[in-house]
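Here the structure is laid out as structure tokens; the discussion comes afterwards.
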Amino acid sequence: MTYFEKINEIQIKENPIIMGIETSCDETAVAIVKNGREILAEKIISSAPEHAKFGGVVPEIASRMHTTAILSATKEALESANLTLNDIDAFAVTKGAGLLGALLVGVSFAKALAFSCNKPLVPVSHIRGHIAASYIADKELKPPFITILASGGHTAIVAVKDYYNMTVLGSTLDDAVGEAFDKVARVLGLSYPGGPNIERLAKEGKNTIKLPKMLKNYEGGEFDFSYSGLKTAVINYVHNETERGKEINKADVANSFQCSAIDVLVEKALSASKKFGYNTICVSGGVGANGYLREKLASAVKGENIKLVIPEKKYCTDNGAMIGAEGYLQYKKRNFADLDLNARAVVPFETDKF
């Protein structure tokens, strides 16, 4: 009997313990999650300091760092939970999207664990993982809800109809919001990662520079976004002021950019919630860690009879717990993979599909 035949005969447990493995970018993350909501242990080893030397993530360095960190991260998670591999009911791993070499490390490692333990291998979409982080933030959360998906690779307003079916109401037509943060950070001479550094600098400045709010009243796509023009507007402003010999107030630039980038996210999420009658708004993705976004959303929902769910900052950025949470849902659905599972740098971002 083959491995896949064996695991397809297993009985689905009521309260499974899932190991979530995430290696899509520069964090090697392993978490152990019970029932898709309770984190028993987690470990994240980041290679961000190495990438900061180069002003951004270097794929080859990320892959090498994952290979040296993944075993120790797994051991530390198991020791922290006081569990062994035999106690794990399934191994969930990010199959994509992300850096292909980095993803392959996690996928290969998870396949080895699943095969050696005769336990299910559960493939997880990185995007769905980010959305599932809200189930960790609010253990009573149930669909339907609207989620703001905002990261370095994606920006979208998503209607989560149930645990498995989602509709993308609108998405970015060019740059993602996190990508725009990184590019503007470089223009201002800030180091990688750009998002947190823009946020820190913005606290010292004011929203005094007129910048475009992308597709605010765009009739062709009510919930779509565009960040390329905003990024270009900042570049042009800095260039023009420099050419005129004027001193640039970088803090004001950071603050003005942050307001333009975030305000439209909040406005469109609130609009979607009202239009479709979903009285819960969630936040997913790395930009969800932005303090201004969190404050702006909290202020926007006051008096609106709308519940707001925002994961802790560490669960907005890449982590193993979100993969374990989504892995639980896929485990319940018996979405198991065979040992020929391969990583994918790009996962189709389509309506009702991730």
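The values are calculated or read from the model by the stated rules, or taken from the named source; none is laboratory data. Since we're looking at a predicted model, the values are computed, not measured. For neighbour counting, all protein chains shown are included, and Cβ atoms are generated from backbone atoms with ideal geometry for every residue, glycine included. The area values use the complete protein model at the heavy-atom level, side chains included, leaving out ligands, DNA and RNA. Shrake-Rupley method; radii C 1.70, N 1.55, O 1.52, S 1.80 Å.
Data table
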read-out: Residue check for Asp138: more than 17 Å from Val253 (Cα to Cα), touching a Ser or Thr at 6+ places or on another chain (Cβ under 8 Å), of a type outside the set (S, T, N, Q) and surrounded by fewer than 21 Cβ atoms within 10 Å (Cβ to Cβ); value: no
read-out: Count - residues of the stretch 90-118 that are open to solvent by 50 Å² or more (accessible area, probe 1.4 Å) and assigned to a helix (DSSP H, G or I); value: 6
read-out: Selection count, the stretch 142-178, where residues are of a type in the set (Phe, Trp, Tyr) and closer than 23 Å to Lys313 by Cα; value: 2
read-out: For Gly153: the one exception among (1) open to solvent by 30 Å² or more (accessible area, probe 1.4 Å); (2) modelled with pLDDT of 95 or more; value: (2)
read-out: Residue satisfying all of: in the stretch 267-289; more than 30 Å from Phe91 (Cα to Cα) and not in a helix (DSSP H, G or I); most open to solvent (accessible area, probe 1.4 Å) among these; value: Asn279
read-out: Residue that is surrounded by the fewest Cβ atoms within 10 Å (Cβ to Cβ), among those in the stretch 298-315 that are without any contact (Cβ under 8 Å) to a residue 40 or more places away in the chain and within 28 Å of Ile21 (Cα to Cα); value: Lys313
read-out: Filtered residue count, the stretch 40-66, keeping only those that are touching a Phe, Trp or Tyr at 6+ places or on another chain (Cβ under 9 Å), part of a helix (DSSP H, G or I) and open to solvent by 10 Å² or more (accessible area, probe 1.4 Å); value: 3
read-out: All positions within the stretch 251-297 that are free of Cβ contacts under 8 Å to residues at least 12 places away in the same chain and either of a type outside the set (D, E, K, R) or under 20 Å from Ile127 (Cα atoms) (or both); value: Gly277
read-out: Yes/no for Ile148 being surrounded by fewer than 24 Cβ atoms within 10 Å (Cβ to Cβ) and among the β-branched types (Val, Ile, Thr); value: no
read-out: Test result for Tyr292, open to solvent by 30 Å² or more (accessible area, probe 1.4 Å) and closer than 15 Å to Lys213 by Cβ; value: yes
read-out: For Phe91: the one exception among (1) closer than 21 Å to Gly36 by Cα; (2) of a type in the set (A, V, I, L, M, F, W, C); (3) within 18 Å of the chain's Cα centre (by Cα); value: (3)
read-out: Matching residues, the stretch 316-329, being open to solvent by less than 20 Å² (accessible area, probe 1.4 Å) and outside any loop (DSSP other than H, G, I, E, B); value: Cys316, Gly320, Ala321, Met322, Ile323, Gly324, Ala325, Glu326, Gly327, Leu329
